[in-house]
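K.L.:
Supplied in structure tokens, the structure appears directly below.
The values are calculated or read from the model by the stated rules, or taken from the named source; none is laboratory data. As the structure is a computational prediction, the values presented were derived from the model and not from experiment. Ideal geometry is used to build each Cβ from the backbone, glycine not excepted, and the neighbour counts take in all protein chains shown.
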Amino acid sequence: MADVPPEASEDDALIEDIDEEMIQPQIGIENQYIKDLSFENPVGPNAPQIVGQSPEVGVEVTTSARALEDGMYEVTLVIRGEAKTPETTVFIVELTYAGVLTIADVPEDAIGPILLIEGARLLFPFARNIVADVSRDGGFPPLFINPIDFVQLYREQHLDEGAANGAGTA
């Protein structure tokens, strides 16, 4: 004989209350694209000799976001890499990479940080790969960018910026 489940109990009501309180934010990537890409190789045919000198490479990353329509946002990563020796610039790569993201179940004041931290974190591996491929295709070893702490980047670029302007930014 099969056991018949009892009617909804107090425990079931408690579980439903907890489930409603624990609604998880949702973020999705709808589209990704290169907005702008530039690679400069000013040393041309001398690249192999220059690379042997172990040029110093610097990488800068900035993030931004803007609202598109209800629940959709464009997140943009700008990556600029430059290799130099004391005598010359070896190469410059600049990539502006963006994605259209959707966000749901997020308080209004949390949208900016989520886009600029989690959204950027989702797009970064694709942008990193493009930079590596372009630098390799430009005649140099691939420029592999180390993982980025997007929380720290957000603090440096957006919270400090807000404090300097006397207002918070999203």
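K.L.:
Does any residue in the stretch 143-170 that is surrounded by fewer than 12 Cβ atoms within 10 Å (Cβ to Cβ) come within less than 7 Å, Cβ to Cβ, of a residue that is at pLDDT below 90 and among the β-branched types (Val, Ile, Thr) six or more places away or on a different chain, and which pairs are these?
P.N.:
none
Rundown of residues vs (1) hydroxyl-bearing (Ser, Thr, Tyr); (2) assigned to a helix (DSSP H, G or I), yes/no style:
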position: Ala120; (1), (2): no, yes
position: Pro125; (1), (2): no, yes
position: Val131; (1), (2): no, yes
position: Pro141; (1), (2): no, no
position: Phe144; (1), (2): no, no
position: Pro147; (1), (2): no, no
position: Tyr154; (1), (2): yes, yes
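K.L.:
While we're on this one: Six or more apart or on different chains, Cβ atoms under 9 Å: show the pairs whose first residue is in the stretch 26-41 and farther than 11 Å from Gly99 by Cβ and whose second is of a type in the set (A, V, I, L, M) and modelled with pLDDT under 95.
P.N.:
Going by the 9 Å Cβ cut-off, the qualifying pairs are Gln26/Ile103; Gln26/Ala104; Gln26/Val106; Asn41/Ala47; Asn41/Val90.
Conditions (1) modelled with pLDDT of 95 or more; (2) among the aliphatic types (A, V, I, L, M); (3) in contact with a helix residue (DSSP H, G or I) (Cβ under 8 Å, 6 or more places away or on another chain); (4) over 30 Å from Glu87 (Cα atoms), marked per residue:
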| residue | (1), (2), (3), (4) |
| --- | --- |
| Met1 | no, yes, no, yes |
| Glu7 | no, no, no, yes |
| Glu10 | no, no, no, yes |
| Ile15 | no, yes, no, yes |
| Gln26 | no, no, no, yes |
| Pro42 | no, no, no, no |
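K.L.:
Can you find a residue that is more than 22 Å from Gln152 (Cα to Cα), in contact with a Lys or Arg (Cβ under 7 Å, 6 or more places away or on another chain) and hydrophobic (A, V, I, L, M, F, W, C) anywhere in the stretch 70-90?
P.N.:
Yes; the residues of the stretch 70-90 include at least one that is more than 22 Å from Gln152 (Cα to Cα), in contact with a Lys or Arg (Cβ under 7 Å, 6 or more places away or on another chain) and hydrophobic (A, V, I, L, M, F, W, C).
K.L.:
Name every residue in the stretch 97-147 that is aromatic (Phe, Trp, Tyr) and in contact with a helix residue (DSSP H, G or I) (Cβ under 7 Å, 6 or more places away or on another chain), in order of residue number. Spell out how you get there, then give the answer.
P.N.:
Filtering the stretch 97-147 for residues aromatic (Phe, Trp, Tyr) gives 97, 124, 126, 140, 144.
Listed by number, the residues that qualify are Tyr97, Phe140, Phe144.
K.L.:
From the residues in the stretch 82-118 that are more than 30 Å from Asn46 (Cβ to Cβ) and β-branched (Val, Ile, Thr), which one is farthest from the chain's Cα centre (by Cα)? Even if it seems obvious, please write down each step before you answer.
P.N.:
First, the residues of the stretch 82-118 that are more than 30 Å from Asn46 (Cβ to Cβ): 98-118.
From the residues that got through so far, the ones that are β-branched (Val, Ile, Thr) too are 100, 102-103, 106, 111, 114, 117.
On the way: Val100: 12, Thr102: 14, Ile103: 15, Val106: 19, Ile111: 14, Ile114: 11, Ile117: 7 Å.
Going through the qualifying residues, I end up with Val106.
K.L.:
Quick check on Pro45: is it surrounded by fewer than 19 Cβ atoms within 10 Å (Cβ to Cβ), part of a loop (DSSP other than H, G, I, E, B) and without any contact (Cβ under 8 Å) to a residue 60 or more places away in the chain? Break it down stepwise before answering.
P.N.:
Details: surrounded by fewer than 19 Cβ atoms within 10 Å (Cβ to Cβ): yes; part of a loop (DSSP other than H, G, I, E, B): no; without any contact (Cβ under 8 Å) to a residue 60 or more places away in the chain: yes.
So Pro45 does not fit the description; no.
K.L.:
How many residues are more than 16 Å from the chain's Cα centre (by Cα) and within 12 Å of Ala98 (Cβ to Cβ) if we restrict to the stretch 65-81?
P.N.:
Matching residues across the stretch 65-81 total 1.
K.L.:
So, of the residues in the stretch 124-139 that are crowded, with 20+ Cβ neighbours inside 10 Å and modelled with pLDDT of 95 or more, which turns out to be farthest from Tyr154 (Cα to Cα)?
P.N.:
Within the stretch 124-139, the subset crowded, with 20+ Cβ neighbours inside 10 Å is 127-128, 131, 134-135.
Adding the requirement that they be modelled with pLDDT of 95 or more leaves 127-128, 131, 134.
Numbers: Ala127: 18, Arg128: 18, Val131: 21, Val134: 26 Å.
The selected residue is Val134.
K.L.:
Now, a different point. What number goes with the only condition from (1) without any contact (Cβ under 8 Å) to a residue 24 or more places away in the chain; (2) touching a strand residue (DSSP E or B) at 6+ places or on another chain (Cβ under 6 Å); (3) loosely packed, with under 12 Cβ neighbours inside 10 Å that Pro86 does not pass?
P.N.:
Failing condition for Pro86: (2).
K.L.:
Does the stretch 83-93 contain any residue that is touching a Ser or Thr at 6+ places or on another chain (Cβ under 7 Å) and part of a strand (DSSP E or B)? Give the derivation first.
P.N.:
As a first pass, look at the stretch 83-93 and keep what is touching a Ser or Thr at 6+ places or on another chain (Cβ under 7 Å): 91, 93.
Going one step further and asking which of them are part of a strand (DSSP E or B), we end up with 91, 93.
There is at least one residue in the stretch 83-93 that is touching a Ser or Thr at 6+ places or on another chain (Cβ under 7 Å) and part of a strand (DSSP E or B).
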